[in-house]
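Before any comments, here is the structure.
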Amino acid sequence: MIETYILIPGRTSKQGVGISEGKFGETYQSEITCLQVASEDMISRGLTDGDWVRLESEFGQIEVAVKTARQDELPSGLLFIPYGDLSSRLMGGETHGTGMPTSKGFDVTMQPIATPS
Amino acid sequence: MATVTPDASSEHELKVITDATCTFCGCVCDDIDLTVDGDHIIKAKRACVLGKAWFLNHTADDRPSCLIQGQAASVEAGIERAAELLVSARYPLIYGLSDTTSESQRTAVGIADWVGANIDTTSSVCHGPTGMALQGVGEVTASLGEVRNRGDMIIFWGANPAESHPRHFTRYSLTPKGMFLPNGRKDRTCVVVDVRKTKSANAADIFIPVKPRSDFEALWALRALANDVELDANQVLHDTGIELSVWQDLMTRMKAAKFGAIFFGMGLTMTRGKHANAEALLALARDMNKHTRFICKPNRGHGNVTGADNVMAWRTGYPFGVNLMRGYPRFNPGEYTASDILARQEADAAMIIAADPMANFSQPARDHLKSIPYIAFDPKETPTTRAAEVAFTVATYGINVPGTVYRMDDVPISLRPALECHHPSDLEILKGIEKQVQKLNMKNAIAQSKNESLRPARDEFGSSE
């Protein structure tokens, strides 16, 4: 089953710490490759922490592990991923005359996958 | 001024630098005490989690100061190659500049002028849309010191300082006891408007979970309330996901405040609407001044991204996305901004200073950057330095390098470096490139004038065209 969600890439403290430690280090890489999902959506999609999903936008696709978002941080239908290499692969090149690609709040589909390809 | 004192608690001699400046984020906290042991910072007193990671992990990287096509080279050879690339390019792009000193930013704009380049900063993919909105409606502004001493109504909209600017609350906006707020946090009301309940929302008195992609509608609803315009409750609920009564309550509190401040983040500028969202918020702050004192400020991310805007503005007249190819500056976001230029495959060479577009740009932009020769500057190895034709490993600003940075409220602050570094600063390299570019320009001009003098004069043969 594939369903559409709204993805919010954003900053986290751990991602910021990872930048200083080095972008190829464990802290940064583990943070930017983990998708946070609302607990209701985890249940409805039959997901548990550490499962893998494929996210696809109009412009690209990525494979990431999932974890349940903290308490009521995310409403159902909203996904969050720390901003970085993977989240940026889902952005398009069009900036609508601003210089800024639409980098938050865009539609993605989420499909559970057995293992990353 | 920074003072250096030996640490008495240690068995061997440690250096303590007081009032050092953290340049990780736009808060630019300048009250950090650093303890230095040899070539390491081992303690960063008063720094937040991000500041500690910044200071404790920026020892000089054990990489060559210059790599050309992945091979170690002298810095001088790198400078020569970089200058050749920029001078021979038909559409050179200079980009980045938010994590370096204003002295370096100034030199980079000079180089852009010498080679007729397009120059853009990471502002364009940060608060660039805010820069556009500022030109449209202006900004009612204040220093963070004024907010600390007077701000009794603090609103964060699409911003999560608890994670991105951890000392914002404690140093400037929420908990400090101010001149007119003797009880600190108790004297302030804090409101967070966001699509998700962030850590910042947990610190607020009121959290308004606005519907995703409806900031523009929500801000205009508030503007209407500020101007006593009647609204349809059903329409407001449908458009914003929030009951009209919640917005009315917020507006009542805003009008009752003595000094309100709205800090906003990339929740507005990166989401559909972008500059229109920022414009609505800036206009709301302006509207509120009919009732009381209200200001707004973007929460700036990188340590000197505000400096990048300032330096670009005082050197070219525009804050980002400036094209100097015709010998005078032209500004047009969408046309002269780095992400667009690369995604449209226009640039044929680039110089990236303290930025990582190979990790943060859209895939079409990355694909093109990878296909052209470019120069990269960074204290650490990044996806961008890895794919560079010329990669400079540079000393870190604020830790190894002195200079000036601008805090997010446009206040310039001096840096107090703690450590020596065997890598050169980006300023030294940029100055070298600028000099080399001038030499090559002179050489090319002489060669061109010789060619012209060898050409037959037009009147010998009449008009040839």
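Scanning the range B:405-417 for residues that are out of contact with any helix residue (DSSP H, G or I) (no Cβ under 7 Å at 6 or more places or on another chain) and buried (at least 23 other Cβ atoms within 10 Å of the Cβ) returns a single hit, B:Leu415. Only residues that are within 18 Å of B:Ala278 (Cα to Cα), away from chain A (no Cβ under 13 Å) and either touching a Leu at 6+ places or on another chain (Cβ under 6 Å) or among the polar types (S, T, N, Q) (or both) were counted in the range B:189-220, giving 1.
Restricting B:Ala83, B:Ala108, B:Ala77, B:Ala112 to residues that are assigned to a helix (DSSP H, G or I), without any contact (Cβ under 8 Å) to a residue 60 or more places away in the chain and aliphatic (A, V, I, L, M) narrows the list to B:Ala77. Residues that are surrounded by fewer than 21 Cβ atoms within 10 Å (Cβ to Cβ) and either of a type outside the set (A, V, I, L, M) or at pLDDT 95 or above (or both) number at least 3 in the following strands (runs of 3 or more DSSP E) confined to the range B:149-218: B:206-209.
Of the helices (runs of 4 or more DSSP H) lying entirely inside the range B:252-318, those containing at least 1 residues that are within 14 Å of chain A (Cβ to nearest Cβ) and under 15 Å from B:Val193 (Cβ atoms) are B:266-269, B:275-288. Any residue at all in the range B:250-258 that is more than 24 Å from A:Thr98 (Cα to Cα), free of Cβ contacts under 8 Å to residues at least 40 places away in the same chain and buried (at least 21 other Cβ atoms within 10 Å of the Cβ)? Taking every residue of the range B:250-258 in turn, none turns out to be more than 24 Å from A:Thr98 (Cα to Cα), free of Cβ contacts under 8 Å to residues at least 40 places away in the same chain and buried (at least 21 other Cβ atoms within 10 Å of the Cβ).
Scanning the range B:44-72 for residues that are more than 12 Å from chain A (Cβ to nearest Cβ) and either crowded, with 18+ Cβ neighbours inside 10 Å or in contact with a Phe, Trp or Tyr (Cβ under 8 Å, 6 or more places away or on another chain) (or both) returns B:Ala60, B:Ser65, B:Cys66, B:Leu67, B:Ile68. I want to confirm something. Restricting to the range B:319-331 and keeping residues that are surrounded by fewer than 24 Cβ atoms within 10 Å (Cβ to Cβ) and either facing chain A (nearest Cβ under 10 Å) or of a type in the set (D, E, K, R) (or both), which single residue is nearest to B:Asp113 (Cα to Cα)? Across the range B:319-331, the extreme among qualifying residues is B:Arg326. Confirm whether B:Tyr328 is at negative phi and either within 17 Å of the chain's Cα centre (by Cα) or touching a residue at least 40 places away in the same chain (Cβ under 8 Å) (or both). Considered against the rule, which asks whether it is at negative phi and either within 17 Å of the chain's Cα centre (by Cα) or touching a residue at least 40 places away in the same chain (Cβ under 8 Å) (or both), B:Tyr328 comes out as no. Scan the range A:68-78 and tell me whether some residue there is in contact with a strand residue (DSSP E or B) (Cβ under 7 Å, 6 or more places away or on another chain), aliphatic (A, V, I, L, M), modelled with pLDDT of 95 or more and within 28 Å of B:Pro379 (Cβ to Cβ). No, the range A:68-78 contains no residue that is in contact with a strand residue (DSSP E or B) (Cβ under 7 Å, 6 or more places away or on another chain), aliphatic (A, V, I, L, M), modelled with pLDDT of 95 or more and within 28 Å of B:Pro379 (Cβ to Cβ). Taking (1) under 22 Å from B:Leu342 (Cα atoms); (2) of a type in the set (Gly, Ala, Ser); (3) in contact with a His (Cβ under 9 Å, 6 or more places away or on another chain) in turn, B:Ala60 satisfies each apart from (1).
The set of residues from the range A:46-79 being touching a Leu at 6+ places or on another chain (Cβ under 6 Å) and not in a loop (DSSP other than H, G, I, E, B) comprises A:Ile62, A:Val64, A:Val66, A:Leu79.
Against the definition (within 16 Å of the chain's Cα centre (by Cα) and farther than 29 Å from B:Ser339 by Cβ), how does A:Lys104 come out, yes or no? So A:Lys104 fails the test.
Tally time: how many residues in the range B:16-42 are assigned to a strand (DSSP E or B) and either crowded, with 17+ Cβ neighbours inside 10 Å or within 12 Å of chain A (Cβ to nearest Cβ) (or both)? Walk me through it before giving the result.
Going through the range B:16-42, the residues assigned to a strand (DSSP E or B) turn out to be B:16-20, B:25, B:32-37, B:40-42.
Narrowing the set further to residues that are either crowded, with 17+ Cβ neighbours inside 10 Å or within 12 Å of chain A (Cβ to nearest Cβ) (or both) leaves B:16-17, B:20, B:25, B:32-36, B:41.
Within the range B:16-42, residues that are assigned to a strand (DSSP E or B) and either crowded, with 17+ Cβ neighbours inside 10 Å or within 12 Å of chain A (Cβ to nearest Cβ) (or both) number 10.
Residues satisfying the criterion are present in the range A:11-22 (criterion: in a helix (DSSP H, G or I), within 9 Å of chain B (Cβ to nearest Cβ), closer than 29 Å to B:Val193 by Cβ and charged (D, E, K, R)).
Of all residues in the range A:91-117, those satisfying the criterion of being in contact with a strand residue (DSSP E or B) (Cβ under 7 Å, 6 or more places away or on another chain) and either assigned to a strand (DSSP E or B) or more than 9 Å from chain B (Cβ to nearest Cβ) (or both) are A:Phe106, A:Asp107, A:Val108, A:Thr109, A:Met110, A:Gln111, A:Pro112, A:Ile113, A:Thr115, A:Pro116, A:Ser117.
The values are calculated or read from the model by the stated rules, or taken from the named source; none is laboratory data. Computed from a predicted model, the values in this text were never measured in an experiment. In this analysis, Cβ positions are derived from the backbone assuming ideal geometry, glycine residues included, and neighbour counts consider all displayed protein chains.
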